[in-house]
1. Looking only at segment 86-95, which residues are in contact with a helix residue (DSSP H, G or I) (Cβ under 6 Å, 6 or more places away or on another chain) and either open to solvent by less than 50 Å² (accessible area, probe 1.4 Å) or at pLDDT below 95 (or both)?
2. Would you tally the residues in segment 43-86 being within 21 Å of N15 (Cα to Cα), in contact with an Asp or Glu (Cβ under 7 Å, 6 or more places away or on another chain) and of a type in the set (D, E, K, R)?
3. Has segment 112-119 got at least one residue that is open to solvent by less than 50 Å² (accessible area, probe 1.4 Å) and either of a type in the set (V, I, T) or at pLDDT 95 or above (or both)?
4. Pairs please, first residue from segment 70-84 and closer than 10 Å to P39 by Cα, second anywhere and of a type in the set (D, E, K, R) and part of a loop (DSSP other than H, G, I, E, B), Cβ atoms under 7 Å, 6+ apart in sequence or on different chains.
5. State which residue is farthest from G69 (Cα to Cα) when the search covers only segment 26-48 and only residues that are surrounded by fewer than 18 Cβ atoms within 10 Å (Cβ to Cβ) and among the hydrophobic types (A, V, I, L, M, F, W, C).
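The values are calculated or read from the model by the stated rules, or taken from the named source; none is laboratory data. A quick note: this is a predicted structure, and the numbers were derived from the prediction, not measured. Please note: Cβ atoms are built from the backbone with ideal geometry, for glycine as well, and neighbour counts cover all protein chains shown. The area values use the complete protein model at the heavy-atom level, side chains included, leaving out ligands, DNA and RNA. Shrake-Rupley method; radii C 1.70, N 1.55, O 1.52, S 1.80 Å.
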Amino acid sequence: METIAFYDTGGVLPNSLDAFKNRACALPYGKDGFAPPRPQEVDRLIKLAGWSQSRVASLVGVTYNPKKGSSTIRKWRTAVENDDYRQIPYAAWRLMLIYAGVVSVEDGLQIGLDNAGQNEG
């Protein structure tokens, strides 16, 4: 297994894929406590999974250049204060969590069923 160096610039970020399971950004969208991932969390998930920008782009269906990577992925990883920053769409984030093995499809389906039951009357 390849060892990857991590350099934190503040805050506490997960040091394993398993550690993502307890984060607000790993909760299903409709679940109380869900919070969109910060750029640092997007970056950390990509690094922990060992993916390149091109690999992530192909997994979530955004454009990429085989030599330059993906500007979309870079924008998701850029600091919020930067004009280039873009919030990662929930669907893309959820796919990344599923592909990384952090969450399962069933996790999201369960919350969908729970919410559907609340709307029935």
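1. To start, the set of residues in segment 86-95 that are in contact with a helix residue (DSSP H, G or I) (Cβ under 6 Å, 6 or more places away or on another chain) comprises 86, 88, 92, 95.
Scanning segment 86-95 gives I88, A92.
2. Total satisfying the criteria: 1.
3. no
4. Short answer, once both residue conditions are applied: K75/D84; K75/R86; W76/R86; T78/D84.
5. F34
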